[in-house]
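Accompanying notes for the structure given below.
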Amino acid sequence: MTTKLILDCDTGSDDAVAIMAAALHPELELLAITTVNGNVPLENTTDNTLRVIDAIGVSIPVHAGAPRPLVRPDFPIPRHVLNEGREEFQKMRLDFPDPRSTASGRNAVEVLIEHYLSDEGPETVLVAVGPLTNVAAALTAEPRLAARIPRLVIMGGARGWGNVSATAEFNFWVDPEAAAVVFSAGIRDVLVCPLDATHDAPLSRAHCDRFDAIGTAGAVSTSLMVRQRIDTYPGSEHGTLDAAPVHDALCIAALVRPDVITEWVDAAVTVETGGLHSVGAMVVDDRSWSPLAHNARVALRADADIFADVLSEAFSA
Ligand code: RIB
Ligand code: CA
């Protein structure tokens with residue numbers, strides 16, 4: 001039984017691993033990829049996505065979406081200010097050959113609405129691993145989508161430390177209003193994979209050795225990107241880490257092996273859209289006495305070896 005999915009991403013290196021795993025795993029059918037502004041500008045997230053699918057030799061429709069957040073004109077702190085003086089962790093151009101493929105020319109939001117209003121919509125899981133601008137725009141323009149998206153898996157948020165601030169994770173911080181729209185839309189099955197879970201299942205150099213031994217394009221390029229992430233992970237002294245989280249790909253692994261998530265809470269989740277120190281923070285209310293209805297399952301712990309098993313299966317297929 002294969003799982004059909006659409007992947008919405010802001011292709012940087014961990015998105016690239018997610019794309020390859022989703023495109024190659026025998027239990028998954030990647031119907032389309034939609035791209036959004038995030039790690040790098042939309043032009044680059046789209047170009048990087050095309051580089052990745054060409055590198056593994058798959059033909060998957062790619063539709064470019066939002067070039068900026070839903071409401072705000074830019075990130076809460078513009079990208080060039082945020083990245084000033086920091087080693088480039090997410091590359092404008094991933095280390096793959098220039099793409100031969102081209103994007104469809106259709107807008108991602110239009111494609112999401114059309115797909116989820118079609119008969120195939122209720123059979124298609126939506127996985128969102130970048131800022132939620134495209135997903136929020138589609139839900140706002142066509143509220144019927146909330147009842148037709150059967151499952152939404154999101155990489156975003158942090159119950160513990162954030163990565164862009166003490167409280168906020170990048171995807172939710174880039175477009176907090178979009179994240180708030182998505183969590184309030186009423187989608188019946190939402191799984192959030194926040195930094196708590198992704199940092200609990202980092203991929204190691206030993207996992208990379210395993211990918212190298214597989215030897216396929218997906219395996220070798222993933223090994224290269226994960227080794228780069230280990231060497232340059234923000235906040236680590238160069239070369240001091242032995243493993244690094246590959247956030248987005250954990251969402252794909254969870255589709256194949258739900259047991260990769262080893263601890264979670266069901267909660268009422270929303271995202272802070274105000275606050276000088278808390279903008280973009282994910283608020284997880286799992287208090288037994290909370291008056292708020294639960295709207296998501298939030299992963300808190302994950303298993304790196306099961307994660308690596310799923311990637312190995314995908315790259316060996
Ligand atoms: O905070 C990590 C998330 O932000 C990942 O999805 C990464 O690709 C960036 O989009
Ligand atoms: Ca991403």
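The values are calculated or read from the model by the stated rules, or taken from the named source; none is laboratory data. None of these values were measured; they are calculated from a predicted model. Note that we place each Cβ from the backbone using ideal geometry, even for glycine, and neighbour counts take in every protein chain shown.
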Total residues in region 96-129, condition of a type outside the set (Gly, Ala, Ser) and within 30 Å of residue 224 (Cβ to Cβ): 10
Test residue 203 against the criterion of being closer than 30 Å to residue 84 by Cβ, out of contact with any strand residue (DSSP E or B) (no Cβ under 9 Å at 6 or more places or on another chain), touching a residue at least 60 places away in the same chain (Cβ under 8 Å) and not β-branched (Val, Ile, Thr), and give yes or no. no
Within region 2-18, of all residues that are of a type in the set (Ser, Thr, Tyr) and within 11 Å of ligand 1 (Cβ to nearest atom), the one nearest to residue 219 (Cα to Cα) is 13
Restricting to helices (runs of 4 or more DSSP H) lying wholly in region 190-283: which have 1 or more residues that are β-branched (Val, Ile, Thr) and under 20 Å from residue 302 (Cβ atoms)? 195-198, 217-232, 247-256
Go through the residues of region 92-99 one by one and say whether even a single one is under 25 Å from residue 191 (Cα atoms) and of a type outside the set (Asp, Glu). no
Subset of region 127-161 (residues that are within 24 Å of residue 199 (Cβ to Cβ) and of a type outside the set (Gly, Ala, Ser)): 127, 129, 131, 132, 135, 151, 152, 153, 154, 155, 159, 161
Any chance region 54-62 includes a residue that's of a type outside the set (Ser, Thr, Tyr), within 16 Å of ligand 2 (Cβ to nearest atom) and over 17 Å from residue 172 (Cα atoms)? yes
Filter pass, residue 71 being more than 15 Å from ligand 2 (Cβ to nearest atom), over 29 Å from residue 143 (Cα atoms) and among the β-branched types (Val, Ile, Thr): no
Out of curiosity, is residue 253 within 30 Å of residue 122 (Cβ to Cβ), at pLDDT 95 or above and more than 16 Å from ligand 2 (Cβ to nearest atom)? no
